[in-house]
Amino acid sequence: MTMTDTAGRGLAVLEQRVTEDLAKVAYPSGRWVTPHHIADGSRVLDVLIVGGGQGGTAIAHALTRQRVLNYRIVDQSEAGFEGPWNTYARMATLRSPKAVTGPDLDIPCLTFQAWFEAQHGASAWETLNKIEKGDWVAYLLWLRRVLGLTVENGKRLERIEPADPYLVASVRDLASDRLERVTARKIVLATGIESSGRWWTPPVVEALDRRYWAHTSEEIDFAALKGKRVAVLGAGASAFDNAATALEAGVGSVTLCVRRPELQRVQPFRWLSFPGFLGHFYTLDDAWRWRFMNYLLSLREAFPRETWQRVARHGNFEMRTDAGWDAVEVMGDAVRISTPGGNLEADFLIVGTGFDMDLSLRPELAGVGEQVARWSDRYAPPEGEENPRLGRYPYLGPAYELLEREPATAPWLRHIRLFTFGATMSFGPSGASINAMKFAVPHLVDGIVRDLFQEDVQDHWENLIGFQLPEFLFDGEEGEAAPAVPVIDRG
Ligand SMILES: Cc1cc2nc3c(=O)[nH]c(=O)nc-3n(C[C@H](O)[C@H](O)[C@H](O)COP(=O)(O)OP(=O)(O)OC[C@H]3O[C@@H](n4cnc5c(N)ncnc54)[C@H](O)[C@@H]3O)c2cc1C
């Protein structure tokens with residue numbers, strides 16, 4: 001969207017309002033977290049946020065509001081390329097309804113709607129169908145700027161180790177290849193939807209030469225597929241977005257194969273987007289959490305009408321149901337695909353088959369993932385509800401903390417908070433979800449604030465005993481009295 005001069009002024013006015021509104025809700029405004037230092041005298045970071053996408057941004061915003069200011073955000077990608085939006089998210093608009101809020105943390109002037117209206121007016125908002133992807137990225141970058149958040153781009157977390165009572169994160173600066181060891185009290189992994197495991201590809205496809213296939217999460221040279229026959233496997237939004245991108249790039253044809261007998265068109269997110277479920281799912285007992293998630297995670301997330309229309313309008317698009325790929329075989333320059341309903345030939349395959357959960361596969365969690373409690377360690381579902389896939393999800397504590405698989409073997413794991421799709425079994429929609437952010441982020445940050453306070457209770461007690469600032473001085477008395485505005489600054 002282009003901005004007019006007036007629109008530009010609208011944003012400036014909004015930014016002024018942001019400054020004023022944040023000042024109005026800044027109470028209590030002083031730093032309060034007890035500074036910790038290591039032997040060489042350097043200050044321990046209170047929180048290291050890994051991932052500067054929408055999740056990391058919202059977490060930093062929430063920490064700032066709680067006056068936990070000694071944090072850093074690192075992200076391995078280049079600035080503006082955090083998350084999937086500018087790389088493999090191949091859709092024009094977000095799939096969520098435009099009314100969704102999240103990183104604003106319920107401050108009206110920080111909502112997407114406020115940002116949009118400041119530039120395009122209220123009537124443009126009224127007529128807007130869905131949020132354009134580019135606008136979502138621009139909004140997130142705007143939010144980062146007006147909140148004064150700094151993301152250290154090009155820095156990758158490579159390892160986490162315990163250093164009682166802290167954690168040490170090895171963070172590589174990708175430009176200089178320099179490795180920094182960051183000592184932190186808490187580490188939040190806001191590393192994205194797939195980052196608690198790996199993108200999954202059916203083994204029959206994985207065995208093929210790479211020139212014949214790609215996963216939807218990868219870079220794909222669609223221009224090189226012009227005129228070619230493309231087969232796509234998957235029934236989710238990403239499979240359809242990739243099919244549409246291929247069609248728009250002028251491929252010869254796209255056959256999209258859905259393994260199930262019918263395409264799922266019911267969107268479970270519509271049902272579950274209410275405060276009880278989004279805010280309190282984690283309080284249910286294991287049996288209920290398992291039952292709900294066994295049902296919800298076995299459904300594909302349905303996609304909006306626009307995604308369907310984007311492929312359906314092409315005459316060279318075909319969808320086959322009951323068409324899982326039993327076998328694939330290279331025949332000259334093409335691949336023959338066998339499905340229960342018959343064979344098909346394609347020049348290039350794209351798989352949109354989601355991801356698999358397994359923390360131990362993550363390089364940055366080497367030596368950590370294996371020690372983490374999974375659902376299969378803590379809960380045995382009744383007959384009829386077995387699901388090994390769900391059993392691989394981490395079993396998180398009530399503040400998103402990793403828990404040790406074997407008692408007393410790795411208590412330090414609780415200092416790591418997992419805010420990715422891996423949290424879904426324990427919390428329902430939470431990490432890596434816009435819809436749940438307004439509930440999940442404050443809860444995550446409350447847990448951190450609670451720990452930072454409780455772990456230093458002795459220090460807070462001694463501080464209270466030493467707190468001798470009178471409210472006022474008697475006439476002629478020398479010394480300092482408390483300021484009119486109550487500020488405690490211990491940072
Ligand atoms: C294609 C696609 C489309 C989606 N569309 C929607 C939608 O329309 N509506 C909706 O509600 N949700 C959608 N989602 C789900 C979700 O909102 C997004 O995945 C969103 O990006 C999650 O935000 P995040 O901040 O948790 O993770 P991300 O945005 O993925 O950010 C994670 C960041 O962590 C960084 N990182 C990862 N590992 C490391 C490391 N070791 N060291 C340093 N940095 C690291 C990455 O570089 C990345 O920038 C979509 C997801 C995908 C994949």
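Rule-based calculations on the coordinates, nothing more; no lab input. Owing to the predicted nature of the structure, the values given are computational and were not obtained by experimental measurement. Every residue, glycine among them, receives a Cβ derived from its backbone with ideal geometry; neighbour counts consider all protein chains shown.
Quote the FRET efficiency, to the nearest 0.05, computed for SER176 versus LEU473 with a Förster distance R0 of 56 Å and r equal to the Cβ-Cβ distance.
On the way: r = 54 Å, r/R0 = 0.97.
Efficiency, from the Cβ-Cβ distance: 0.55.
Note on the chain: dipole from Cβ charges, positive end direction compared against LEU296, ILE220, LEU22; the farthest Cα belongs to ILE220. When all alpha carbon pairs of segment 340-490 are counted in 5 Å bins from zero, the resulting P(r) reads 2, 7, 12, 13, 12, 11, 8, 8, 7, 6, 5, 3, 2, 2, 1, 1, 0, 0, 0, 0 %. Evaluating kT/(6 pi eta Rh) at 20 °C and 1.002 mPa s, with the Kirkwood radius of segment 1-100 over Cα pairs in the Stokes-Einstein relation, gives 125 µm² s⁻¹. Note on segment 285-349: Rg/Rh from Cα positions, Kirkwood definition for Rh, rounded to two decimals, is 1.16. Aspartates and glutamates within cross-link reach of LYS226: Cα-Cα under 12 Å, excluding same-chain residues under 8 positions apart? Qualifying aspartates and glutamates at Cα under 12 Å: GLU248, ASP347.
Fewest to most neighbouring Cβ within 10 Å: what's the order for LYS226, LYS133? Numbers along the way, then the final one.
Working: LYS226 11, LYS133 18.
Ordered from fewest to most neighbouring Cβ atoms within 10 Å, LYS226, LYS133 come out as LYS226, LYS133.
Going by neighbour counts of Cβ atoms within 10 Å, the residues GLU364, GLU15, GLU478 line up, fewest first, as GLU478, GLU15, GLU364.
Please report the base-10 log of the normalised intensity I(q)/I(0) for the chain, using a Debye sum with one equal scatterer per alpha carbon and no solvent, at each q in 0.08, 0.12 (1/Å). Calculated log10 I(q)/I(0) at the listed q: -0.56, -1.20. For segment 53-84 versus segment 206-247, the spacing of their alpha-carbon centroids is 32 Å. Taking Cα centre as origin and charging only the Cβ of basic (Lys, Arg, +1) and acidic (Asp, Glu, -1) residues, the dipole magnitude of the chain rounds to 1480 debye.
Computed 3J(HN,Hα) for segment 53-60, one whole-Hz value per residue from the Karplus formula 6.51 cos²θ - 1.76 cosθ + 1.60 where θ = phi - 60°, is x, 4, x, x, 4, 5, 5, 4, glycine and proline marked x.
Calculated from the alpha-carbon coordinates, segment 114-158 shows an Rg and a Dmax of 14.2, 47 Å respectively. Bridge orientation summary for segment 126-261: considering DSSP beta bridges with both residues in this region, about 75 percent are antiparallel. Could you point to the residue in ILE49, LEU69, PHE419 farthest towards the positive end of the chain's charge dipole, with +1 and -1 charges on the Cβ of Lys/Arg and Asp/Glu respectively? Highest projection toward the positive end goes to PHE419.
Please compute the length gained on full extension between ASN463 and ILE38, using 0.36 nm multiplied by the number of residues separating them and subtracting their Cα-Cα distance.
Details: separation 425, 0.36 × 425 = 153.00 nm, distance 2.07 nm.
My answer for the length gained is 150.9 nm.
Which length gain, in nm to one decimal place, applies between ASP21 and GLU219 when the Cα-Cα distance is subtracted from 0.36 nm times their residue separation? Intermediate values should be presented prior to the final figure.
On the way: separation 198, 0.36 × 198 = 71.28 nm, distance 4.14 nm.
Gain on extension, ASP21 to GLU219, equals 67.1 nm.
Across segment 293-307, coupling constants 3J(HN,Hα) worked out from phi with the 6.51/-1.76/1.60 Karplus curve, θ = phi - 60°, read 6, 4, 6, 5, 7, 8, 8, 7, 6, 5, 10, x, 3, 4, 5 Hz, and Gly and Pro carry x.
For segment 275-429, the Kirkwood estimate of the hydrodynamic radius, built from every pair of different alpha carbons, is 18.7 Å.
Taking Rh as the Kirkwood radius computed over C-alpha pairs, what is the Stokes-Einstein D of segment 394-455 at 4 °C in a medium of viscosity 1.567 mPa s, expressed in µm² per second? All intermediate terms of the calculation are to be shown ahead of the outcome.
Details: Rh = 12.0 Å.
D = 108 µm²/s.
Label-to-label distance for ASN129 and ALA79 is 3.5 nm, based on points extended 7 Å past Cα in the beta-carbon direction.
Provide the packing ranking of 180-192, 299-311, i.e. peptides ordered by the mean count of other C-beta atoms within 10 Å per residue, highest first.
Details: 180-192: 22.4, 299-311: 17.3.
Packing order, densest peptide first, comes out as 180-192, 299-311.
Taken along the Cα-to-beta-carbon direction at a fixed 7 Å, the label points for ASN316 and ASN86 span 3.1 nm.
Just want to confirm a number: the relative contact order over the chain, from Cα pairs under 8 angstrom separated by 6+ residues, in percent.
Once normalised by length, the contact order is 19 percent.
Take the Cα of SER338, step 7 Å toward its Cβ, do the same at ARG211, and the gap between the two points is 2.5 nm.
Run the numbers on segment 385-491 and let me know its relative contact order in percent, using alpha-carbon pairs under 8 Å that are six or more apart. Don't skip to the end; give the middle numbers.
Details: 91 pairs, mean separation 15.8, N = 107.
Worked out over segment 385-491, it gives 15 percent.
Only beta bridges with both residues in the chain are counted; by DSSP, about 50 percent of them are antiparallel.
In segment 122-220, Rg over Rh equals 1.09, where Rg is the alpha-carbon radius of gyration and Rh the Kirkwood radius from pairwise Cα distances. Counting only DSSP H runs of at least 4 residues, each contributing -39500 (n - 2.57), and dividing by the residue count of the chain, the helix-based mean residue ellipticity at 222 nm comes to -8500 deg cm²/dmol.
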